[in-house]
Amino acid sequence: MLRISPAPHITSKVSTPKIMWSVVAALMPAFIYAVHIFGERVILLTLLSILSAMGSEYVFQKLTKREIRISDGSAVITGILLAFNISPESPWWLPVAGSAFAIFVVKQIFGGIGYNIFNPALAGRAFLTASWPSLMAGNWAPPASGTLSGLPTQAIDGIAQATPLTLLKVNPTESIAQSLNSTYMLKALFIGKVGGCIGETSALLLLIGAFYLFFKKYADWKISLGYIGSVFVFSGILYYLGKTPVIPLFHILSGGVMLGGLFMATDMVTSPVTVKGRWIFGVAGGIICVLIRVWGGYPEGVSYSILIMNMFVPLLDRISEKKIFGR
Amino acid sequence: MGIAATFVFVLSNLFVSSLRKIIPANLRIPIFIIIIASFVTIIDYALKAYLPPLSVQLGVFVPLIVVNCGILGRAEGFAFKNPVHLSFMDGLGAGIGFTLVLFIMGTIREILGQGIWMSIPGIFDGFKILGASFTESSIILLILPPGGFLTIALLMGLFNYWRKK
Amino acid sequence: MDNVFLIFLSAFLVNNIILMKFLGLCPFFGVSRRMETAASMGISVIFVMTLATVITWFLYQFILIPLNLIYLRTVVFILVIASLVQFLELFFKKQLPALYSALGIFLPLITTNCAILGVAFLNIDNNFNLISGIVFAISSGLGFLLAIVLISSIRERLENAPIPEPLKGLPISFVIAALMGLAFLGFSGFLGLSL
Amino acid sequence: MSLLTFKGGIHPTCCKEFSKDSKIKIIEPPDFIYLYLSQHTGIPSKPVLEKGAEVEIGQKVAKAAGKLSVGLHSPVNGTYMGTVMYPHPLGGMKEAIRIQVNKENSTPFKEKERAKISNIPKQKLINIIKDNGIVGMGGAAFPTYFKLQVPSSKKIKDLIINGVECEPFLTSDYRLMMEKCEEVMKGVDIVRRIINPENVWIAIEANKLDAFEVMKSTSSLFPWANFALLKTKYPQGSEKQLIDAITGRKVPEGGLPFDVNAYVQNVGTAFAIYEAVYLGKPLFERVVTVTGNVRHQSNFLVPIGTPFEYLIKLTEGPIGKISKIINGGPLMGIAQSQISSCVVKGTSGIVVQNETETLKKEPSPCIRCAACVDCCPMNLLPTEMYKHIEMNRLEKAKEMGVLSCMECGSCSYACPANIPLTQQFKIAKSRITKKVN
């Protein structure tokens, strides 16, 4: 018996699970490093987050009698990214609640993988920030062999409890700006000797993971370059105008710009499909991020900026349709 | 809020129905609106006089009962065509239904969002339903605007689900 | 100048009339299935909202206050809006048929759009002067336009999504609104503007 | 030197090494030959013989019937057995002439003198091409005589000879260029004289560098030829993409190559034109690559009408169980329902797949990875178009350019969720055109 099927008769070896699990692999360097500097609690929080995400997905698919797709890796990514977005000192139930919200309300209600409008991990984080602001904004731990603010302990008194961005928000004095702009500080940020959320400390390791994805074409470098580049350029303009006391390099290395720009903005499902749309998405996201950092109510604007751009994706897809060959 | 709305529901239905014979059909909508608006004004001022804190909290929403589609809908759809006593019951029913929904939503959002229940600012602090440890870590999102949307959505989903069954 | 800019920012983003203030939900959910109609609705709203705010402001300042008839404001305002809409409809039909055919069906719906009345009230409650009031109305309208265009484009994309049956239609729209609101929380505290 | 190319496309494993070095082998004809009356676009040809008549090799057995139609010629000496219904490689059962083969075959065709050829007027050349039943050999099977009659309002600037052969596995054009480069170039010369272009391009993909060198070595004999090396990418050999890559001009939507003053002809067709004009030999045999999951992947010179089954046997059979036989390449070729389908003029290759290669993959939801968007050579938005078609909004799909889709299969190939995009577009296209009619 011959099999009949329409052309094409060969397909590429790329599959949805393969893409998803590659993203998981790309996040591993940053994860291992986080365990190294923050201790085993990171493992607990991340595992709980992943389990909660996969569990929620399983429960939902079971309840709605759908195909169980938890092995495609997408829920694992949501779990890891959510854990990456909370403090290593968070109570154990925080990642559980965040992942459950992310999967139930942000992803599965909309029809599951491929249909969600918002990045589940980011919306989960926004949910946590809105619900338990004190747990999400304070509660930091200094990394092993480093300090919370990334500065030498004796440099500035009385600010041991703040991350660099919080410092910048609450106390933007000349001297603090100076120490934030120092090569020492930038190095600490790049390598990851600064306190902060689990996954956003080391710019270097995040870049390594992301370059693997760019190389495999599982993430679009245009979005990342657009996002991080526009944070750099726009904060540079504001620095020049005297609206922000810190240099652009500090802006792109601190907080979640690397994590967000490399891994969250490039989430395939919640970013535009056209090249033009992707550039707009990245650049506009970067600008919103800087706006929130400089004038907004929060010290960090990465997650909100990407969530806001997520909203615009269907619109961007519509207005940036490609020029059809020969039309 | 619910009670205020019920009040307007009932009274406007009552009025519309008793006046239904003398209202010319082509002018009925503006007249309905005037009737409803009058009652809303009465409520608004009553609240301001007797429960000023609540009035502040409800803010612009009280006068906006005027444009509550539901009330106009009942007036147009039911009261205009039916006798007084039926219209009274209809208005009461619609009002209670409306109140009930508001009440359930308020309950969910208050308990999960703040850990308290039935608080009316300046009058009653509310029952502390859940322990202090929870109150500290309650889901603040629910008392923010997005929480409101979310609660409605999930309630509607549940309602649809039960209705299907 | 700064003040006007703040009013704009507040009404447009921080205190977005739909997502943060729950006003104008009927058209927001009712007319947001198609993006084209949603955009027309949004534009109509901006238009009527600005006119209504200006007229009610004049009425309030120069008739109701001097005559001590503030308690009649609800009645007066709603009548003003209703007749304004009627009038505009006739005017467009006669003078600007192109605009009429574009906005036509939305005009009557606007009468019962609580956003219009709400903005008129908020305008009075905030003691805005005429310029601020106009800015407030336009930016509220723009906020409405932004929100309704966004939700309609999202709903269009979700048209063939396998959303669980009981949640299809209105409930999922509310969830979208909730998540949009969540994203808009990012604007809170902008330049010190609070919710 | 940077290689010429177009925007988009995919990079499937080319798999040409299997049959690349297999020289074109002349085969013994099978016992029976089946010549489908319909193996070109246009009206099927009409049989001209009485049942039981003896036929000679090269003899016309069916004549053209109206516009866009060409005749058929017997590839063998044998007996005309009338017509039967037989499985057509493009699907369905079609009427075919059955010829019983008489094994004594010899080729009576000899090359004529070059000087004589150059005296033949243009119209006569076109008639020769028509009489010898030549159609496009790249797969489309469009009658060549018709294509050569370029409207006088359109001046052809660039003549492009398509030796790209971008489909994986296939090597028939490659072998032709390697072994018959001069003959191919002579054929090109005839086309050149008919349409009188400013430039002639011989286009070859970079993975066939040796063929490129071989062809280029003839340039002293044919000084008018330009040789273009193209980036290895599918579908580089598609007409519109090829013109874009070489001239930078884009054929307008719904238009034809001559709208941008270009003309594309396949190398196989050029070779057939050479044979018709120089040897007086009709198109009755062609090079076919038999490859995929068979023991000896080969290039055969096959009489048109030879059953696939026979050719597969000549390769010493499949490894394991055959599960799929494809007429053409694996990206645009058509899966056969019967192993008895026979070679037509447009058959450039036969690809055999076994069970493990044809595992059916279940589609999963689109994750908007945009792989299809990035690779679509027509610059369409397959993922969005697909959603509109799913919701039965054909108008919207049309607006988005579904009619421009050339069904190259790139999107389906690239899709990580295994969504049958190409198939959906095929269906949508036929539904839209049906509605118009």
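Values in this text are rule-based calculations from the coordinates and carry no lab data. Bear in mind the structure is a predicted one, so any value in this text is a computation, not a measurement. Neighbour counts run over all protein chains shown; Cβ positions are idealised from the backbone, glycine included.
Below are the figures for this structure:
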| quantity | calculated |
| --- | --- |
| Student exercise, the protein assembly as shown dipole from Lys, Arg, Asp, Glu Cβ charges, in Debye to nearest 20 | 2520 |
| Set of region C:133-154 residues, backbone N closer than 17 Å to the point 7 Å along the Cα-Cβ line of C:Ile55 | C:134, C:137-138 |
| 13 Å beta-carbon shell around D:Gln297, net charge (K/R +1, D/E -1) | +3 |
| Region A:18-137: Rg to Rh, with Rh as the Kirkwood radius over Cα pairs | 0.96 |
| 20 Å binning of all Cα-Cα separations within chain D, expressed as whole percents from 0 upward | 25, 59, 15, 0 |
| Amide hydrogen neighbours beyond the local backbone of D:Glu285, cut-off 5 Å, H modeled | D:Ile304 |
| Net +/- balance of residues flanking D:Ala65 in space, Cβ distance below 14 Å, scoring K and R +1, D and E -1 | +4 |
| For the protein assembly as shown, the fraction of alpha-carbon pairs in successive 10 Å shells from zero, as % | 2, 9, 15, 17, 15, 13, 11, 9, 6, 3, 1, 0 |
| Estimated FRET transfer efficiency when R0 is 30 angstrom, pair A:Lys276-A:Lys187 (beta carbons, to 0.05) | 0.25 |
| Integer Hz, Karplus 6.51/-1.76/1.60 couplings in order for region D:406-417, x for Gly and Pro | 9, 6, 6, x, 4, 5, 4, 4, 7, 5, x, 9 |
| Euclidean distance of C-alpha centroids, region D:145-197 and region A:1-66, integer Å | 50 |
| Label-point gap, in nm, between A:Arg327 and D:Leu68 - each point 7 angstrom along Cα→Cβ | 2.5 |
| Those GluC sites (Glu not before Pro) in region D:58-138 that DSSP places in a loop and that have at most 10 other beta carbons within 10 Å | D:Glu104, D:Glu113 |
| Summed side-chain charge close to D:Lys429 - residues other than D:Lys429 whose Cβ falls under 13 Å, Lys, Arg +1, Asp, Glu -1 | +4 |
| Disulfide-incompatible cysteines by the Cβ rule (no partner under 4.7 Å) in chain D | D:Cys14, D:Cys15, D:Cys166, D:Cys181, D:Cys342, D:Cys366, D:Cys369, D:Cys375, D:Cys376, D:Cys405, D:Cys408, D:Cys415 |
| Unit charges on C-beta of K, R, D, E only; dipole of chain D, Debye | 1060 |
| Bridge type composition, the protein assembly as shown - antiparallel percent by DSSP, nearest 5 | 60 |
| Set A:Lys18/D:Lys231; D:Lys345/D:Lys426; D:Lys46/D:Lys67; D:Lys7/D:Lys233 screened for pairs whose C-alpha atoms are more than 18 Å apart | A:Lys18/D:Lys231; D:Lys345/D:Lys426 |
| Ratio of Rg to Rh over region D:1-159 (Cα coordinates, Kirkwood Rh, two decimals) | 1.03 |
| For peptides C:69-79, D:71-81, A:301-311, A:58-68, sequence by mean Cβ density within 10 Å, most packed first | A:301-311, D:71-81, C:69-79, A:58-68 |
| Amide H contacts of D:Leu230 (H built 1.01 Å from N, under 5 Å, at least 5 apart or other chain) | D:Ile204, D:Glu205, D:Ala206 |
| Cross-link pairs beyond the 31 Å C-alpha cut-off, checked among D:Lys157/D:Lys180; D:Lys16/D:Lys250; A:Lys322/D:Lys20; A:Lys222/D:Lys154 | A:Lys322/D:Lys20; A:Lys222/D:Lys154 |
| Spacing of the two label points (7 Å from each Cα toward its C-beta) at C:Phe62 and D:Asn437, in nm | 7.2 |
| Ascending count of other beta-carbon atoms within 10 Å, so fewest first, for C:Phe91, D:Phe109 | C:Phe91, D:Phe109 |
| Segment D:Lys103-D:Asn226, extension gain: residue separation times 0.36 nm, minus the distance between their alpha carbons | 40.0 nm |
| Loop sites in region D:178-251: chymotrypsin sites (Phe, Trp or Tyr not before Pro), DSSP, at most 14 other Cβ within 10 Å | D:Trp224 |
| Alpha-carbon Rg/Rh ratio, for region D:371-436, with Rh computed the Kirkwood way | 0.93 |
| Gap separating the Cα centres of region C:122-183 and region D:375-437, nearest whole Å | 33 |
| Sequence-distant lysines (8 or more away, or on other chains) whose Cα lies within less than 19 Å of D:Lys429 | D:Lys240, D:Lys387, D:Lys396, D:Lys398 |
| For chain A: Kirkwood Rh in Å [reciprocal of mean 1/r, alpha carbons] | 20.3 |
| Radius of gyration, Dmax [region A:159-319; alpha carbons; angstrom] | 15.3, 48 |
| Dipole-positive endmost among D:Phe142, A:Thr244, B:Ala153 within the protein assembly as shown (Cβ charges, Cα centre) | D:Phe142 |
| Cα-based Kirkwood hydrodynamic radius, region C:4-191, one decimal, Å | 17.2 |
| Helix runs (DSSP H) in chain C reaching 15 Å along axis by Cα, Kyte-Doolittle at least -0.5 | C:35-59, C:73-95, C:114-125, C:130-157, C:170-184 |
| Per-pair calculated FRET efficiency, R0 = 41 Å: A:Ala25 and D:Ile120 via Cβ, rounded to 0.05 | 0.05 |
| Candidate lysines - alpha carbon under 26 Å from B:Lys48, same-chain residues fewer than 8 apart omitted | C:Lys21 |
| Alpha carbon centroid spacing (whole Å) that separates region C:1-55 from region D:223-282 | 57 |
| D:Gly237 long-range amide H proximity, modeled H, under 5 Å | D:Cys166 |
